[in-house]
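Everything on this sheet refers to the single structure shown next.
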Amino acid sequence: MAGNKRKRAHKPNSSAPETLDLAIPAPSPALVTATAAVAPNSAANAASMEDVFSVGNVELIDNTASPRVRRARGRPRKLPVHSEKPLSLATGRRLVRPLDKGDFSVPGDAGVSTLVAMEVDKGWEARVIPEMDSVVKVFCVHTEPNFSLPWQRKRQYSSSSSGFVIGGRRVLTNAHSVEHYTQVKLKKRGSDTKYLATVLAIGTECDIAMLTVDDDEFWQGMSPVQFGELPALQDAVTVVGYPIGGDTISVTSGVVSRIEILSYVHGSTELLGLQIDAAINSGNSGGPAFNDKGNCVGIAFQSLKHEDAENIGYVIPTPVIMHFIRDYEKNGGYTGFPILGVEWQKMENPDLRMSTGMRPDQKGVRIRRIDPTAPESKVLKPSDVILSFDGIDIANDGTVPFRHGERIGFSYLISQKYTGDNAAIEVMRNANILKFDIKLETHRRLIPSHSKGKPPSYYIIAGFVFTTVSVPYLRSEYGKDYEYEAPVKLLDKLLHSMPQSPDEQLVVVSQVLVADINIGYEDIVNIQVLAFNGKPVKNLKSLATMVESCNDEYLKFDLDYDQIVVLRTKTAKATTLDILATHCIPAAMSDDLKL
């Protein structure tokens with residue numbers, strides 16, 4: 001049937017990045033204290049960390065249990081002659097009592113032993129990196145919305161990740177580390193106190209969040225990190241954070257292996273990113289990456305888990321970080337990264353270039369489609385060839401010069417702009433060169449990739465649950481492999497459809513709460529609603545308004561796949577309250593539809 005769940009294709013054995021914070025499912029109340037003490041050291045779910053997530057999947061990795069120490073059976077093994085167990089200087093026998101901290105005794109003269117201990121202490125002090133004291137551990141309690149049952153929320157769970165202090169009494173971490181937060185706490189290095197934090201801004205697209213702490217005690221002895229320039233290939237980087245495997249701070253090192261436009265899993269966007277070969281794992285999310293001068297050059301946020309890949313981690317570079325910080329300081333909040341609302345095609349084929357009238361020395365990309373809601377739709381047209389952006393020529397493959405010997409996608413130029421900025425675009429139309437000054441804005445998708453912390457909308461009449469389609473909704477309905485499990489029509493709209501108006505939504509019948517009035521309609525699941533009583537359904541609020549104000553004898557819903565639903569108006573409205581009471585649903589519509 002049209003309403004049944006369908007498989008789009010077989011899941012390929014491909015790799016994709018995943019986010020890196022530790023997720024801890026909420027325990028029973030009787031086990032909260034004990035479980036919280038061991039939760040960061042998990043072995044029970046370690047195998048799940050090797051799962052290859054799909055690009056749109058931002059599920060966090062569970063780490064719920066503590067690894068057990070395996071004890072050997074039989075008699076204990078004898079220590080070899082070169083055992084590291086300390087020796088007594090007087091007798092040469094092995095000491096049973098452990099030595100005091102810092103006492104590294106060796107056979108021989110006692111004065112030499114004291115000198116060695118002093119030198120070790122000095123060496124330890126020299127190795128302490130001041131920037132490491134600015135790295136904090138982030139504890140967050142999440143309560144996610146239940147998109148399949150939009151009138152309630154899921155069971156809360158806890159996670160731990162990393163963060164670091166910047167200027168202005170602020171802390172940076174990843175957006176997915178505090179997604180759907182109900183409480184956020186920070187702990188300094190070497191401290192036993194957790195401080196309540198306030199979330200100032202969450203940048204969904206760039207996967208960065210900004211926090212602060214009101215308690216002055218937290219900021220005592222804390223110095224902000226200094227940001228460095230974008231590193232070059234083969235530059236050394238050191239990732240600092242609190243990954244799985246222990247409670248104390250962890251340091252791993254590597255080099256920058258690639259710089260390009262990357263897919264940001266959490267925000268379903270493409271921005272500049274660094275690929276490094278340092279070992280970063282779950283819990284490293286939000287931790288800084290330092291260069292050899294001690295300056296922060298990025299934030300660890302996702303890694304590649306695949307059987308054919310080893311030590312591939314991704315870092316948010318300083319240009320993206322500074323864009324987020326300046327956006328917050330300029331606008332008093334996060335406004336996002338603007339995009340050019342067009343879909344373009346490469347012009348690498350010589351016949352294609354010749355057909356458009358391009359000269360051999362001209363290069364650019366062809367516009368395929370334009371978002372009707374974007375400001376660009378007023379001046380640009382399909383089949384226009386974009387030759388340059390802000391005076392920088394665009395190649396036939398859509399790249400622009402980046403640094404010496406490097407090229408990068410021209411979307412990097414757009415991501416350097418802020419919402420509301422103007423950009424000069426040069427296009428060729430019918431062999432004529434035209435120049436436009438376009439105001440850049442953030443554009444919405446017909447099926448949004450993220451709820452940005454807002455609860456889902458819903459409307460219920462006669463047991464029919466109407467809601468809007470989003471990526472979190474598809475993930476809730478079909479799991480992390482929703483790209484292959486969801487109905488083909490919904491996936492086609494996800495990938496290719498553009499909204500015709502700023503407030504357009506894709507409305508579906510999520511499910512039917514069985515009652516006498518809806519007999520025969522029980523199998524309708526996730527089918528789009530096209531019209532109500534002959535009027536097109538623009539969004540969920542318009543549908544709820546039309547149904548509530550309807551005085552006709554029948555309620556008629558036109559669905560996709562040429563299905564219809566017809567209900568008697570008076571009976572449908574009268575039985576709705578009983579159905580809500582049966583399923584313990586507090587209201588027939590979400591709060592945002594009541595406004």
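Checking the cross-link pairs K185/K454; K435/K538; K535/K573; K187/K480 against a 29 Å limit on the alpha carbon distance flags K435/K538; K187/K480 as lying beyond it.
Once you sort the root eigenvalues of the Cα gyration tensor of the range 342-440 as a ≥ b ≥ c, which label holds: rounded (a/c under 1.5), prolate (a/b larger than b/c) or oblate (the other case)? Note, shape of the range 342-440 comes out oblate. Spread over its residues, the convex hull of the C-alpha atoms of the range 458-583 is 112 Å³ per residue. Taken per residue, the accessible surface of the range 342-440 reaches 53 Å², heavy atoms only and a 1.4 Å probe. Treating r as the C-beta distance of L196 and R326 and R0 as 25 Å, the FRET efficiency rounds to 0.40. Using the Karplus relation 6.51 cos²θ - 1.76 cosθ + 1.60 with θ = phi - 60°, the per-residue 3J(HN,Hα) values for the range 304-321 come to 9, 10, 7, 5, 9, 10, 9, 6, 10, x, 10, 10, 6, x, 4, x, 6, 5 Hz, with x marking Gly and Pro. Of the three principal axes defined by the Cα atoms of the range 280-339, the extents in descending order read 43, 31, 20 Å. With the full set of protein chains in place, find how many percent of the accessible area of the range 235-331 is carbon and sulfur; take the probe as 1.4 Å. C and S atoms contribute 40 percent here. Accessible area per residue for the range 234-280, computed on protein heavy atoms with a 1.4 Å probe, is 36 Å². Amide H to amide H, with H built 1.01 Å from N, V255 comes under 5 Å of V237, D277, A278, counting only residues 5 or more places away or on other chains. Sequence-distant contacts, meaning Cα pairs under 8 Å at least 6 residues apart, place the relative contact order of the range 458-583 at 26 percent.
Each Lys or Arg adds one and each Asp or Glu takes one away; over the other residues whose Cβ falls under 14 Å from the Cβ of I408, this sums to -2. Both the radius of gyration and Dmax for the range 132-219 are 13.7, 44 Å, in that order, over alpha-carbon atoms.
Across all Cα pairs in the range 178-307, the calculated P(r) in 10 Å bins from zero up to the longest distance comes to 11, 38, 38, 12, 0 percent per bin. For the pair K454 and Q500, what calculated FRET efficiency results from E = 1/(1 + (r/R0)^6), where r is the Cβ-Cβ distance and R0 = 25 Å, to the nearest 0.05? Efficiency at R0 = 25 Å is approximately 0.65.
Shown in residue order for the range 575-589 are the 3J(HN,Hα) couplings computed by the Karplus curve 6.51 cos²θ - 1.76 cosθ + 1.60 at θ = phi - 60°: 7, 4, 4, 5, 5, 4, 5, 4, 9, 6, 9, x, 8, 7, 8 Hz (x for Gly and Pro). Electrostatic tally near N422: other residues with Cβ closer than 9 Å to its Cβ, Lys and Arg +1, Asp and Glu -1, net 0. Sketch the reach of a paramagnetic label on E548 as a point 7 Å from Cα along Cα-to-Cβ, and name the residues of the range 440-454 whose backbone nitrogen lies under 16 Å away. No residue qualifies, since no backbone N sits under 16 Å from the label point. Cα-based values for the range 244-380, radius of gyration first and Dmax second, are 20.1, 64 Å.
The values are calculated or read from the model by the stated rules, or taken from the named source; none is laboratory data. Only a predicted model underlies this, so the values are computations on that prediction, with no experimental measurement involved. Every residue, glycine among them, receives a Cβ derived from its backbone with ideal geometry; neighbour counts consider all protein chains shown. In case anyone asks, the SASA skips ligands and DNA or RNA and just uses the protein heavy atoms, side chains included. Shrake-Rupley method; radii C 1.70, N 1.55, O 1.52, S 1.80 Å.
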